[in-house]
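**Student:** To start, I am sharing the structure in question, which I have written as structure tokens.
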Amino acid sequence: MSDASNVNASMSGGATAVMAAAAPVLDLRGIGKQFGAIRALHGVDLSIRPGEVVGLMGDNGAGKSTLVRIIAGNFPPSQGTIHFDGREVHFHRPMDSRSVGIEVVYQDLALANNLTAAANVFLGRELRRNFGPLKLLDHKGMEARALELFRELRSETRPHDLVKDMSGGQRQAVAIARTRLSNAKLVMMDEPTAAISVRQVEQVLSLIHRLKEQGIAVILISHRMPDIFAVCDRVVVMRRGEKKADKPVAETSPEEVTALITGAKEAA
């Protein structure tokens, strides 16, 4: 093993020890969900600590989206409890989950192509300044804060650039910067590297590393095995609404995860 590899392994081991000692920021216990006669989730336990990146994998219909929507507050679970920051919470709408520090970066990113990066970061949360009896948009203030956020993420995205002219990696930076504006403690990312170039994939994975460095927990929903093994500390595999595995990536392999996803291996 090279000296660089030894350093990386040592740093990774130290980070793992710190995370293991920290209390979970999110703790799901016995989560189930029924839609009429359809059982979408059953008995799902999941915890994630500050600064931890957890990959969530599974085939279509495995229950990933339902689980994410429950955490995001789109609908409540039929069974089970959600604890966030050490207390039990009940989400009835997305605003409830956002109020405690949960943000979601959806696959379509929900960006306005005709607006600038700064305007997208502050969309719905615009800064205003007083001008006599009027309250005007504080464009300079928003651009300055957006620039700070992009620098924190080590992104080359510029606040005044139009989103429609951006690469996939830059668009992800805008979406992630928006989550930082609200001081999120948990960010869930839905297929962030789908349909973008190899270089842009590297940019997105670097953004995930930045979130991790800042102590933010990340749930990465992805079908891309290399991305999961590149940035995640653990991988969770769902199949038919149940959790079939929850393992450190260092203790599994792409072949085992594939077997778990397809059912060639029942559980791990």
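The values are calculated or read from the model by the stated rules, or taken from the named source; none is laboratory data. All values reported here derive from a predicted model rather than from experimental measurement. Here the Cβ is made from the backbone with ideal geometry for all residues, glycine too, and neighbour counts use every protein chain on show.
**Student:** Being touching a residue at least 12 places away in the same chain (Cβ under 8 Å) and out of contact with any strand residue (DSSP E or B) (no Cβ under 6 Å at 6 or more places or on another chain) is the requirement here; does Val121 meet it?
**Tutor:** yes
**Student:** Specify the residue that is surrounded by the fewest Cβ atoms within 10 Å (Cβ to Cβ); the eligible residues are those in the range 96-122 that are of a type in the set (A, V, I, L, M) and over 18 Å from Ser65 (Cα atoms).
**Tutor:** Ala112
**Student:** Hey, among Asp246, Asp227, which residue is within 18 Å of Ala194 (Cα to Cα), of a type in the set (Asp, Glu) and either outside any strand (DSSP E or B) or at pLDDT 95 or above (or both)?
**Tutor:** Within the list Asp246, Asp227, the selection yields Asp227.
**Student:** Further question: Count, please, the residues in the range 47-81 that happen to be surrounded by fewer than 20 Cβ atoms within 10 Å (Cβ to Cβ), at pLDDT 95 or above and either part of a strand (DSSP E or B) or among the polar types (S, T, N, Q) (or both).
**Tutor:** Of the residues in the range 47-81, 6 are surrounded by fewer than 20 Cβ atoms within 10 Å (Cβ to Cβ), at pLDDT 95 or above and either part of a strand (DSSP E or B) or among the polar types (S, T, N, Q) (or both).
**Student:** Being out of contact with any His (no Cβ under 6 Å at 6 or more places or on another chain), of a type outside the set (Ser, Thr, Tyr) and assigned to a strand (DSSP E or B): is that true of Val44 here?
**Tutor:** yes
**Student:** Among (1) loosely packed, with under 14 Cβ neighbours inside 10 Å; (2) out of contact with any Leu (no Cβ under 7 Å at 6 or more places or on another chain); (3) at negative phi, where does Arg125 come up short?
**Tutor:** All conditions pass for Arg125, except number (2).
**Student:** For the range 187-224, what are the residues that are outside any loop (DSSP other than H, G, I, E, B), buried (at least 18 other Cβ atoms within 10 Å of the Cβ) and touching a Lys or Arg at 6+ places or on another chain (Cβ under 7 Å)?
**Tutor:** Ala217, Val218, Ile221
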